[in-house]
1. Can you list residues whose amide H is under 5 Å from residue 197's amide H, if they're 5+ apart or on another chain and H is modeled 1.01 Å from N?
2. In the chain, what % of DSSP beta bridges are antiparallel (nearest 5)?
3. From the phi angles alone, apply the Karplus equation (6.51, -1.76, 1.60; θ = phi - 60°) to segment 49-58 and give each ³J(HN,Hα) in whole Hz, x where the residue is Gly or Pro.
4. What is the order of 221, 104, fewest Cβ neighbours within 10 Å to most?
5. Give, as a single signed number, the net charge of other residues whose beta carbon lies under 15 Å from the beta carbon of residue 177, with Lys and Arg counted +1 and Asp and Glu -1.
6. With r as the distance between the Cβ atoms of residue 161 and residue 41 and R0 = 30 Å, compute the FRET efficiency 1/(1 + (r/R0)^6) and round to 0.05.
7. How would you classify segment 178-298 from its alpha-carbon gyration tensor, with a ≥ b ≥ c the square roots of the eigenvalues: rounded for a/c under 1.5, else prolate if a/b is greater than b/c, otherwise oblate?
8. Neighbour counts of other C-beta atoms within 10 Å: give me 21, 52, 228 arranged from fewest to most.
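Nothing in this text is a laboratory measurement; each read-out follows from the coordinates by a stated rule. Computed from a predicted structure; not experimentally measured. Using ideal geometry, Cβ is built from the backbone for each residue, glycine included, and neighbour counts are taken over all protein chains shown.
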Amino acid sequence: MLICPFLLQEAHARILPSMTKIGIVGATGNVGSSLVRRLAEDGHDVIALSRKGGTDQARVRHVVADLAHPTQLRDAVRGTDAVFLMVAGAASELDPRAIVGAIEDASVSRVVLLSSIGARSRPTAVSHEPLRQLEAAVRRSGLAWTILEPGGFASNARAWIQSVRTEATAAAPFADVAVPIVDPDDIAAVAATALRDDRHAGSLYALTGPVAISPREQCAELGLSLGKKLRFVELTRAQAAAAWRGFMPPTVVETTLDALGTPNELESTVSPDVERVLGRKPRPFSAWAARNASMFGG
Ligand SMILES: NC(=O)c1ccc[n+]([C@@H]2O[C@H](COP(=O)([O-])OP(=O)(O)OC[C@H]3O[C@@H](n4cnc5c(N)ncnc54)[C@H](OP(=O)(O)O)[C@@H]3O)[C@@H](O)[C@H]2O)c1
């Protein structure tokens with residue numbers, strides 16, 4: 001954690017009461033869907049933004065808005081007290097300053113930005129330039145900001161759904177290189193806290209799981225949650241790159257392979273920040289696997 005003024009500001013906390021309105025960008029994604037659910041359960045009115053939209057539920061109104069058109073974002077979040085902001089993919093076509101400007105123009109007071117540990121751990125990687133620019137834009141804005149920099153997501157194991165279902169097999173490169181992957185639900189829990197509580201303004205949190213875990217170990221944990229032994233197949237870097245190019249921008253593929261194959265200190269260190277913010281330890285990969293076993297045929 002780089003900056004954490006919230007512990008010092010106990011006496012001056014301003015916590016958004018339930019019923020206040022919160023805007024969630026990327027509301028149908030891994031982090032966003034968990035965050036939407038959590039905030040609605042806690043009594044907030046949620047404006048859920050994505051390009052394709054979703055089905056409205058109690059306290060949740062889905063709005064179609066594309067970050068490539070910041071005025072759509074501005075109009076969607078007008079009247080909200082706080083906004084969760086994230087971008088997907090390479091995001092190289094997006095204009096970070098216009099996106100943050102749109103949130104300011106909507107008279108929102110707080111923003112929580114989902115970035116990536118890669119924005120700091122790979123400072124020259126082209127793939128993370130949009131995230132670095134977004135971080136700079138929220139810091140320069142007049143908004144009360146919190147930046148979340150997670151490591152790899154536990155939900156990346158969804159790439160194994162089909163092969164686990166059909167062949168009881170999971171394939172990945174760097175079989176025995178361990179990094180502390182984080183449960184997207186923990187990211188959502190930290191985001192929900194920072195959106196509601198202004199003691200987190202001005203803080204940057206590195207979000208990881210409780211322990212470093214390798215792909216081979218993740219495969220074994222997943223097998224335990226399914227009650228069957230899974231076969232692990234180690235891919236070469238070239239094989240993984242070829243497979244991932246089908247769903248990831250090329251620059252992101254290369255940086256991800258670098259981070260998974262030769263993680264540097266930031267990428268391999270367990271961060272205390274989830275526990276500092278939530279007052280409990282981050283969840284291990286086994287918890288994500290148990291919650292999501294049905295996707296894998298369990
Ligand atoms: N996966 C990892 O290991 C990892 C690690 C560190 C950081 N991150 C960061 O986490 C973020 C991804 O989070 P996630 O896994 O929760 O995302 P996700 O599951 O891929 O979901 C993306 C969400 O954003 C929406 N979206 C995409 N493009 C949009 C646009 N132009 N305008 C408005 N909405 C848009 C999508 O809905 P529509 O398609 O309907 O628009 C969806 O709701 C990325 O910024 C990534 O850099 C990921």
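1. Placed amide hydrogens put 16 under 5 Å from residue 197.
2. Given both bridge residues lie in the chain, the antiparallel proportion sits at roughly 10 percent.
3. Karplus-based 3J(HN,Hα) across segment 49-58 equals 9, 6, 7, 8, x, x, 8, 5, 9, 3 Hz.
4. Lowest to highest Cβ neighbour count: 104, 221.
5. My count for the surroundings of residue 177 gives -4.
6. Calculated transfer efficiency: 0.65.
7. Oblate.
8. Ascending number of Cβ neighbours within 10 Å: 52, 228, 21.
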